[in-house]
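See structure below.
Throughout, read-outs are computed from the coordinates displayed, never taken from laboratory work. Everything numeric in this text was worked out from a predicted model, so none of it was measured. Because the Cβ atoms are built from the backbone with ideal geometry, glycine has one as well, and the counts that use them run over all protein chains shown.
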Amino acid sequence: MAKKKAAPKATARKAPKRAATAKADRPRCGLCGKTTNLTKTECCDHWICDDEENYVIFSYARNSCHRNHSRYTLCASHHEEGHEGRWQDCARCRAAFEPEIYVYYGTNEYNFDKLENPPAYEPTTCRKCGKVIRLGEGGYSQSSEGYACWECSNVRL
Ligand SMILES: [Zn+2]
Ligand SMILES: [Zn+2]
Ligand SMILES: [Zn+2]
Ligand SMILES: [Zn+2]
C-alpha cells in the first residue's frame with residue numbers, strides 16, 4: 001500500500017476493454033450455435049442463422065432459427081409492434097397474449113434472454129378428454145366452447 005500522491009486526480013475513466021474474451025472470437029447463432037450463414041436479429045441484435053429460406057411454406061416446421069425467433073418470441077413481437085422499453089417489462093406485450101402464450105413466447109428455446117419471472121397460469125385442457133393442451137406447441141382447435149386436443153378435434157361424430 002504505497003502512497004501515490006503523484007497521480008493526477010481526475011483522469012477520464014478508461015473505456016472498458018472491448019470484449020477480449022476468447023468466446024467472442026467468432027460469431028455464432030445464439031440459438032443453435034452454428035457459425036456459418038449468420039445474420040443479426042432486428043429486434044435484439046443477436047447473431048442468428050440466416051435460414052429463413054429453408055422454411056417450406058405451410059410446413060409449420062420449426063427448423064429455422066430466424067423464423068422461430070421472429071414468430072414465436074415476445075422479443076420479436078414487441079419490436080414489431082413498436083413497444084417501448086424492454087419486452088421483459090412490457091405491459092402491452094403482457095396484455096396482448098393470453099398468459100400461457102405469453103409465458104411460452106417469453107421462455108421457449110427460441111429466446112436469447114428468457115422471461116425472468118413468468119406469471120403462473122392455469123393449464124389449458126381439452127374440453128372433451130381433459131388432456132392438458134400446450135398452446136405454444138399447436139395441435140389443437142379452439143371454438144366458443146373452449147379448446148380441444150388434436151385427437152378430439154379430428155373425431156367426427
Ligand atoms: Zn441457428
Ligand atoms: Zn429478438
Ligand atoms: Zn411489448
Ligand atoms: Zn381431447
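Points to keep in mind about this one:
- Gain in span if fully extended, Lys40 to Glu116, counting 0.36 nm per residue against the direct Cα distance: 25.0 nm
- Here region 88-126 is scanned for amide nitrogen atoms under 13 Å from the site 7 Å beyond the Cα of Val155 along Cα-to-Cβ, giving 126.
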